[in-house]
């Protein structure tokens, strides 16, 4: 029996633009959510670690607590999904040691990324270009790196450049790129469930951070902090944990709907934007070349986005054209079969 014919060309033309719009909408929503949550979490952590009211010289402890909150929220949402399925939809979260081990490489990269990011706030996210990317895209990546290097030069001119800061920043950027790559590779292991991956990643991180906290001497810092008994401190810490919980999802979501490289470019633009926002908010003075360096990063990121959009359009319409061609060929085969069947049905009548 021949396969049923696909939808008509008219139906396909009506559905295809909507499908492309849905892709754009999902990508824009993922990037917007990532930017919003990431910038909010950065400023919240800065307040926790630098504010005179809540200052605590224990960044690893702050991150560890946020991982605990994220892990607990994942389990809580999973339970609520079973108790009130009409109210919330959430994947099942059984603790499987095998899955925990398979997510462990991602967790190691995640912890390294957070640790180095705690030493320095750096706008560079090292690109990971693959063979499928256009030369134009690579040129734009180099433009973004040039913008970062110009920013480093301006920090040197201003006398605020720290060699250790640059080293930690480059290492943090390396692990940010690796985190995106490992996230993309780990998602199939957990059934492409971003929430399940977030749960296991935070579970592993809860176990990996304490040894680092011990080496950093934070166990001797936290118990003697005057803010440790204040409700306001724990409220801000818990709020940071909630944003970390959301951040784990939106990061995986952005990587899932784009790519590891595009995620890093988005992070680059976000870092430049949040730096400009911070300087404007605190009314800091910066030389013109410093502003130019951030403008170069943002323009390069926008140009990269435009190139990716054109490439996405091209692939979409190529697939649409291939589908129309396949439909036409299939229709010809069906017409041939139908004509042959009619001819065979008419032969006995002619013989009679």
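Extension gain residue 86-residue 51, at 0.36 nm per residue separation less the Cα-Cα distance, in nm?
8.4 nm
Students often check this: by mean Cβ neighbours within 10 Å, which of 195-207, 22-34, 179-191 ranks highest, and how do the rest follow?
Numbers: 195-207: 23.1, 22-34: 15.4, 179-191: 18.5.
My ranking of the peptides, most packed first, is 195-207, 179-191, 22-34.
If I stretch the segment between residue 39 and residue 185 completely, what's the gain in nm (0.36 nm per residue apart, minus their alpha carbon distance), one decimal?
Length gained, residue 39 through residue 185: 50.0 nm.
Need one word for the range 50-109: rounded, prolate or oblate. Basis is the Cα gyration tensor (sqrt eigenvalues a ≥ b ≥ c); a/c below 1.5 gives rounded, then a/b vs b/c decides.
oblate
Could you sort the peptides 45-53, 259-267 by per-residue average Cβ neighbour count (10 Å cutoff), highest mean leading?
Details: 45-53: 13.9, 259-267: 23.1.
With the highest mean Cβ count within 10 Å placed first, the list reads 259-267, 45-53.
Which FRET efficiency value, to the nearest 0.05, is calculated for residue 313 and residue 238 with the Förster distance at 51 angstrom and r the Cβ-Cβ distance? It would help to have the intermediate numbers written out before the result.
Details: r = 44 Å, r/R0 = 0.86.
The pair residue 313/residue 238 has a calculated efficiency of 0.70.
Which peptide among 247-256, 331-340 comes first, and what is the full order, when sorted by highest mean count of other Cβ atoms within 10 Å?
247-256, 331-340
Calculate, in nm to one decimal, what residue 215 and residue 29 gain on full extension: separation in residues at 0.36 nm each, minus their alpha carbon distance.
63.0 nm
Values in this text are rule-based calculations from the coordinates and carry no lab data. Every value quoted in this text rests on a predicted model; they were computed, and no experiment measured them. Cβ coordinates were reconstructed from backbone atoms using ideal geometry, including for glycine residues, and neighbour counts include every protein chain displayed.
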